[in-house]
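Some notes on the structure that comes next.
The values are calculated or read from the model by the stated rules, or taken from the named source; none is laboratory data. Given the structure is predicted, the values throughout are model-derived calculations rather than measurements. As a convention, Cβ positions derive from the backbone with ideal geometry for all residues, glycine included, and neighbour counts pool all protein chains shown. All accessible areas refer to the heavy atoms of the entire protein, side chains included, with ligands and DNA or RNA removed. Shrake-Rupley method; radii C 1.70, N 1.55, O 1.52, S 1.80 Å.
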Amino acid sequence: HPKLEISIVVDTSDILTEQLLTGSLDFVIGRVPVQHELKDFHARVVDSEPVSLIVRKGHQLTRVAKPDLQECVLFDWVFQLEKSLIRKTVEDYLVQRNIALPAKVLSTSSLLLTLVAISQTNAVAPVAHSGARIEILNVAHDLAVTPYSLIRRRNEELSPASRVLFDLVTRQLEAS
């Protein structure tokens, strides 16, 4: 399809879903935010998104074979902003296990700032496992945010160009 022009937008699921509802986007790979009705969308679950806790190389928690979450929360943490999905997921995970939330937190939406803070301090940070490339702590292996999906507006046909890309993404998902 040599004349097909494709634009890929990267943002949070809530923003992408709003753009989907306004027709700015044809489909989304993300999550249907809780403020929206699932019945308004056709969503095919793609996969879950494991979360890893990362620290700098040489951090004292990496010298423990299996650190305990209680030990982890004694350190400073770098979290995404309040109400972000990954932060809420981690906080709920800790609360469900009767573990106090970290007392000292740096909040940022910047992965780059998170990595800089982690590399220069003893802080701990939760990140999507696919983005964890520092030191992953051998703890909380069942921690994961809700699955993400391939989402489009229900009862609305895609444009021919969007249908081509949507079908390509669908085939790729089915092959994996």
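Summing Cβ point charges (Lys, Arg +1; Asp, Glu -1) relative to the Cα centre of the chain gives a dipole of roughly 360 debye.
Remark: the stretch 98-108, residue by residue, has Karplus-estimated 3J(HN,Hα) of 6, 10, 4, 5, x, 7, 10, 10, 9, 9, 7 Hz, where x stands for each Gly or Pro and the curve is 6.51 cos²θ - 1.76 cosθ + 1.60 at θ = phi - 60°. The amide H of D76, built 1.01 Å from its N in the peptide plane, has V124 as neighbours under 5 Å, considering only residues 5 or more places off or on other chains.
Couplings 3J(HN,Hα) for the stretch 143-149, derived from phi with the Karplus relation 6.51 cos²θ - 1.76 cosθ + 1.60 (θ = phi - 60°), are 7, 7, 7, 4, x, 9, 9 Hz, where x marks Gly and Pro. When T22, T12 are compared by accessible area of protein heavy atoms, the largest-first order is T22, T12, using a 1.4 Å probe.
In the stretch 88-176, Rg over Rh equals 1.11, where Rg is the alpha-carbon radius of gyration and Rh the Kirkwood radius from pairwise Cα distances.
Considering only alpha-carbon pairs that sit under 8 angstrom and 6 or more positions apart, the relative contact order computed for the chain is 38 percent. Of the residues H59, L74, V28, the one whose Cα sits farthest toward the positive end of the charge dipole of the stretch 1-94, with +1 on the Cβ of Lys and Arg and -1 on the Cβ of Asp and Glu, is H59.
For the stretch 67-126, just say rounded, prolate or oblate: build the C-alpha gyration tensor, square-root its eigenvalues into a ≥ b ≥ c, call rounded for a/c under 1.5, and beyond that prolate if a/b exceeds b/c, oblate if not. Oblate is the answer for the stretch 67-126, as a/c is 1.5 or above yet b/c matches or exceeds a/b. Evaluating 6.51 cos²θ - 1.76 cosθ + 1.60 at θ = phi - 60° for every residue in the stretch 58-73, the Karplus couplings come out as x, 4, 4, 5, 7, 8, 9, 4, 9, x, 9, 4, 4, 5, 4, 6 Hz, glycine and proline recorded as x. Largest accessible area first, the listed residues H42, H59, H141, H36 line up as H141, H42, H36, H59 when surface is computed with a 1.4 Å probe on the assembled protein chains.
For the chain, the normalised intensity computed at q = 0.16 Å⁻¹ comes to -0.98 (log10 of I(q)/I(0), Debye sum over alpha carbons, equal scatterers, no solvent). For the stretch 1-95, the list of GluC sites (Glu not before Pro) that fall in a loop by DSSP and count at most 12 other C-beta atoms within 10 angstrom reads E5, E37, E82.
Would you please give the FRET efficiency between K104 and L38, computed as 1/(1 + (r/R0)^6) with r the Cβ-Cβ distance and R0 = 35 Å, to the nearest 0.05?
Efficiency, from the Cβ-Cβ distance: 0.40.
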